[in-house]
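Everything below concerns the one structure shown next.
The values are calculated or read from the model by the stated rules, or taken from the named source; none is laboratory data. Owing to the predicted nature of the structure, the values given are computational and were not obtained by experimental measurement. Note: ideal-geometry Cβ built from the backbone for every residue, glycine included; neighbour counts use all protein chains shown. Note: accessible area is taken over every heavy atom of the protein model, side chains too, but ligands, DNA and RNA are not part of it. Shrake-Rupley method; radii C 1.70, N 1.55, O 1.52, S 1.80 Å.
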Amino acid sequence: MAPEKQFSPRKLPSQERSKDTVEAILTAAAHIFSELGYAACTTNKIALRAGVSIGSLYQYFPNKEAIIVSLTERMFREGLKMTEAIVKDTENSQATFRQKLRRFIEGMVALHMKNPKLHKILTDHAPNLHVLSDTAWNYEKQFSKMFTAMVENEPGLRVTNLSLSATFAMLLTDAICHWLIQLSLQFPEKNENPENLKQRQAFLTQIIDELEDVLFRYLIE
């Protein structure tokens, strides 16, 4: 097994300038991974797109695997931020339980479909990096905790182990989102006419409707 540090950033940025450099590297990497795929993406191409020297890139990342780790962690953080915003928003509204579930599902779908090519690359390659296992587990626990906070005060809950049920709901939603990613990559939008896009949007709405119904029936008596 390769040493864990091989897949970890060499150092974390502390000053604003260094934070900007790391952000530029990650943004450039996200674009190139999406455009060229994992195999064709190199640290030299990333540095060139980011507008930094290869030496500057290597100050923070020893290889592209370490960049994958950081991009995956950023994806986790975006998901937590999205879920937290939904929880806070629904706490301060008169939303019904179904409306809360729908907001959550729509947010998860939007997060996954923001950049489906990149999401698939991260999903395909990040599991092979053992350094991410603890990080992924910790984020999953935080996701579950937030989802629990969103639904725990609802009357008529059928489930008794809400923490476990929240994890199940999260994993089911995530699995459906990854299936949607696979479908979207089989039919690139650039090759579709407006009618195709309209049909795809209608299909996506149907999927969200079904998932909302499944989660509602699972959680509520």
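Peptides 35-47, 166-178 ranked from most to least packed, by the mean per-residue count of other Cβ atoms within 10 Å: 166-178, 35-47. Against the chain, whose longest principal axis comes from its Cα atoms, helix 97-113 is set at around 20 degrees. Taken over the alpha carbons of segment 18-79 as equal point scatterers, the Debye sum produces base-10 log I(q)/I(0) values at 0.28 Å⁻¹ of -1.31. If you sort the three axes of the alpha carbon gyration tensor as a ≥ b ≥ c, you get a/c of 1.5 or more for segment 78-151 and a/b no higher than b/c, which makes it oblate. Here the peptides 62-72, 84-94 are ranked by packing, the mean other Cβ count within 10 Å, and the order with the highest first is 62-72, 84-94.
Over the chain, accessible surface divided per residue gives 57 Å², non-protein components excluded, 1.4 Å probe.
Across the cross-link table entries Lys145/Lys198; Lys19/Lys120; Lys45/Lys117; Lys88/Lys120; Lys88/Lys198; Lys45/Lys141, which are compared at the Cα atoms, the separations over 24 Å belong to Lys145/Lys198; Lys19/Lys120; Lys88/Lys120; Lys88/Lys198; Lys45/Lys141. With R₀ fixed at 25 Å, the C-beta to C-beta distance from Arg200 to Thr123 puts the FRET efficiency at about 0.75.
Relative to the Cα centre, the charge distribution of the chain, modelled as +1 at Lys and Arg Cβ and -1 at Asp and Glu Cβ, gives a dipole magnitude of about 620 debye.
What is the angle, in °, between the Cα long axis of helix 64-91 and the longest principal axis of the Cα atoms in the chain? Nearest 10 is fine, range 0 to 90. The helix 64-91 is inclined about 30 degrees to the chain. Rg then Dmax, both in Å and based on the Cα atoms of segment 24-118: 17.3, 54. Could you tell me how many degrees, from 0 to 90 and to the nearest 10, lie between the Cα long axis of helix 116-125 and the main elongation axis, the longest principal axis, of the Cα atoms of the chain? Result, in degrees: 70.
Between Val109, Val52, Val151, the residue with the greatest mean-square fluctuation in the GNM of the chain (Cα pairs under 10 Å linked by springs) is Val52. Using C-alpha pairs under 8 Å with a sequence gap of at least 6, the mean separation divided by the residue count of segment 69-153 gives a relative contact order of 53 percent. Accessible-area rank, largest first, for Asp124, Asp213: Asp124, Asp213, with all protein chains present and a 1.4 angstrom probe. The H on the amide N of Ile220, modeled in the peptide plane, is under 5 Å from the matching H of Arg158, each at least 5 residues off or on a different chain.
Annotation: Cα Rg of the chain relative to the compact-globule expectation 2.2 N^0.38 Å equals 1.14.
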